[in-house]
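Please read the structure below before turning to the comments.
The values are calculated or read from the model by the stated rules, or taken from the named source; none is laboratory data. Because the structure is predicted, anything quoted here is derived from the model rather than measured. All Cβ positions, even for glycine, are placed from backbone atoms using ideal geometry, and neighbour counts span all protein chains on display.
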Amino acid sequence: MDSPLLLRLVAGALLLMSSLPGGAPDLASDAAALLAFRAAVGRYALTTWNSSAPGAPCSWLGVSCESGRVNVLRLPGAGLIGQIPAAVGNLTALRTLSLRFNVLSGPLPSELAGLAELRNLYLQGNHLSGEIPAFLSSMKNLVRLNLAGNQFTGGIPLGLNNLSRLGTLYLENNRLTGEIPALDLANLVQFNVSYNQLNGSIPAKLRSQPATAFLATGLCGGPLGLCPGEIAPSPSPSAEGSGSVNPSVGAESNHKKKKLSGGAIAGIAIGAAALLIALVVLILLCRGRKAQSKSVGGKQMEMGAAAELRDNGLGAGGANVNGGSAAPAAAAGKAVATVAASAGAKKLVFFGGGARAFDLEDLLRASAEVLGKGTFGTAYKAVLETGLTVAVKRLKDVNLEESEFKEKIETIGAMDHPNLVPLMAYYFNKDEKLLVYDYMPMGSLSALLHGSGRTPLNWETRTGIALAAAQGIQYIHSTGPSASHGNIKSSNILLTKSYDARVSDHGLALLAGATSAPTRVAGYRAPEVTDPRKVSQKADVYSFGVLLLELLTGKAPAQALLNEEGVDLPRWVQSVVKEEWTAEVFDVELLRYQNVEEDMVQLLQLAIDCVAQYPDKRPSMPEVVVRIDEISRSSPASSYRDQQSSPRSVGDDQSSKQNDSTAGSNPPGADL
């Protein structure tokens, strides 16, 4: 007997046994259902599904298991052809079914109603037909339903109101007709019925949706403007009513207003003129003071080495100061003066074999600007007379002998990777230690995500930053089994003009003494770290996981009080994921990119793996790099470019893993 025939017989027997009374569903019945599914639509596409494979069926492509049952079947773009078989209904533990972008046709089988645990159903981009089946209304655990880009006909069932947990309903690009029923779904976040033959008025509960949810239809009302015969609500009914009670009174009132209007106009004109004069005087005074301040600041900068030799302090320049004000100029001048006073015969020591573009005297004459204060000291932007811009870090509380300092700093200087901020040179004497780096013009990731001039970052940029940072940290770990960064946080991820990420402050934990150990920012520290000077590679992985959560949520880990109990960012994300899918998890900027939601959830899963409570449960940085690279490669460029200028697209099973975990009693993040 040939093996394909034997395989079909075994699958049929298992399927028959699982359907007999008293035959409890188990992994064997799930395997039989999957083999029947392969025989119906994936005979040539799912050739790797082999019942003799180790770990089958949980090891098969697109299949995930939990507690001895298949709970996820995800086969997007797998080349499946034909009608979805009834056997799928036997996967009774299924929580996510994603068959998007295949060539599936015909109506949906009624057996799907047996998937009582199903949270996410993604069937967009196929050739499915018939009416939207009424049985979908009985699948009360559904959180996401995407039937877009098919050939469904008929109306939208009113019974969808039974899906009280539904957060996403995508029905665009079908052949639906009639009016939208009075849908009232309290948890609905994402909705689209564009490019259907719908007509009539948009129901009241859906009028808060954007116009892009109703493109190319015959609908009206809400974001599409008034329907024929519909009257816009009066902006001020009380005022309108008071003017129509007695015409004679209204006329008299208008007459009085005309009598008073001349005086009112004159008063307004006189007041405006006085205010204008006052403003002009104030502007002139401010300009005079600003010019004087700039003059003084400039002198302090130019004369820093000579006029401030006796000053031994940094000054009061705060973090994130703009370079145009006098305060940072004075602070930078004092710092430069202090270095000049203690410089003596010392010189800058450069790394690498390149030409020395400047010396210490050039650096001391540079115009400087305070960039910010960090764990290891204050950073300055220095613009040399040649136009070259560098970043200078003035170290604090580093009490090492010159030989020991030189040994450790040379270890840092020897690190050469495109995703590390390169250390160009250093200066050492007993009282002053300077590090000179390449200047990163876009500042830090922290400033972009949380600063006052917050910059929206799209999905491509965020995954690029995540991958580059991971590669930089992986390189650090590759230099030795105990090598670690020790202080990973978003303010230590700096960006070039093209938003290429580079890790900064690497190796500086080596310079910290017992009394000057780095104080790690709240939220980034792994739970097992008790001594900030002794941070393992797995603790770096934890900090990087928090960084990923920061990229995905847009929330700063320093915002520890995310609720009244003060739950940190990892615990907050896990609690939200466990309880229910909500739009609160991802940064609102990312919710526009529908076709990458699956990749977003996969990156979220990686982040949660990285912040596992126990170090041995966390992946290594090489594993992290591989997973981020796979995620970024799977995201087509068209998925996140020009989303605002095109209709909401049909691809979207992408948050399935997250939704899959929202109603179970599993550990937080266990089934994302």
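Number of residues in the range 172-208 that are surrounded by fewer than 19 Cβ atoms within 10 Å (Cβ to Cβ) and not aliphatic (A, V, I, L, M) equals 15.
Could you grab me the full set of residues in the range 422-438 that are in contact with a helix residue (DSSP H, G or I) (Cβ under 9 Å, 6 or more places away or on another chain), closer than 19 Å to Ile493 by Cα and buried (at least 19 other Cβ atoms within 10 Å of the Cβ)? So that I can check it myself, show each step before the final result.
Within the range 422-438, the first condition is being in contact with a helix residue (DSSP H, G or I) (Cβ under 9 Å, 6 or more places away or on another chain), and the residues that meet it are 422-436.
In the following step, the residues that additionally are closer than 19 Å to Ile493 by Cα were identified as 422-424, 435-436.
Within the range 422-438, Leu423, Met424, Leu435, Val436 meet the criteria.
For the range 602-614, enumerate the residues that are more than 13 Å from Thr553 (Cβ to Cβ) and part of a helix (DSSP H, G or I). Steps first, answer last, please.
Step one: list which residues in the range 602-614 are more than 13 Å from Thr553 (Cβ to Cβ), which gives 602, 605-606, 609-610, 612-614.
Correct list: Gln602, Gln605, Leu606, Asp609, Cys610.
Between Gly114, Gly62, the distinction of being of a type outside the set (A, V, I, L, M, F, W, C), touching a residue at least 12 places away in the same chain (Cβ under 8 Å) and more than 17 Å from Leu145 (Cα to Cα) belongs to Gly62 only. Per this entry, Val596 is not counted among residues that are under 21 Å from Ser634 (Cβ atoms), modelled with pLDDT of 75 or more and part of a loop (DSSP other than H, G, I, E, B).
Restricting the range 444-468 to residues that are in a helix (DSSP H, G or I) and not hydrophobic (A, V, I, L, M, F, W, C), the residue that is modelled with the lowest pLDDT is His450.
Kindly indicate whether Val624 is surrounded by 21 or more Cβ atoms within 10 Å (Cβ to Cβ), among the aliphatic types (A, V, I, L, M), modelled with pLDDT of 90 or more and in contact with a Gly (Cβ under 6 Å, 6 or more places away or on another chain).
Values: surrounded by 21 or more Cβ atoms within 10 Å (Cβ to Cβ): yes; among the aliphatic types (A, V, I, L, M): yes; modelled with pLDDT of 90 or more: yes; in contact with a Gly (Cβ under 6 Å, 6 or more places away or on another chain): no.
Taking the combined requirement at face value, the residue does not satisfy it.
Listed conditions (1) in contact with a helix residue (DSSP H, G or I) (Cβ under 9 Å, 6 or more places away or on another chain); (2) closer than 25 Å to Val588 by Cα are all met by Asn141, apart from (1). Looking at the range 396-412, which of the residues that are modelled with pLDDT of 85 or more and under 26 Å from Leu384 (Cα atoms) is surrounded by the fewest Cβ atoms within 10 Å (Cβ to Cβ)? Here the answer is Glu410.
For beta carbons closer than 8 Å, sequence separation of 6+ or different chains, a first residue in the range 215-237 that is surrounded by 13 or more Cβ atoms within 10 Å (Cβ to Cβ) and assigned to a strand (DSSP E or B) and a second that is at pLDDT below 90 and of a type outside the set (A, V, I, L, M), the qualifying pairs are Cys220/Pro228; Cys220/Glu230. Within the range 545-577, restricting attention to residues that are modelled with pLDDT of 65 or more and among the charged types (D, E, K, R), which residue is surrounded by the most Cβ atoms within 10 Å (Cβ to Cβ)? Step by step, filter the range 545-577, then rank; the result is Glu550.
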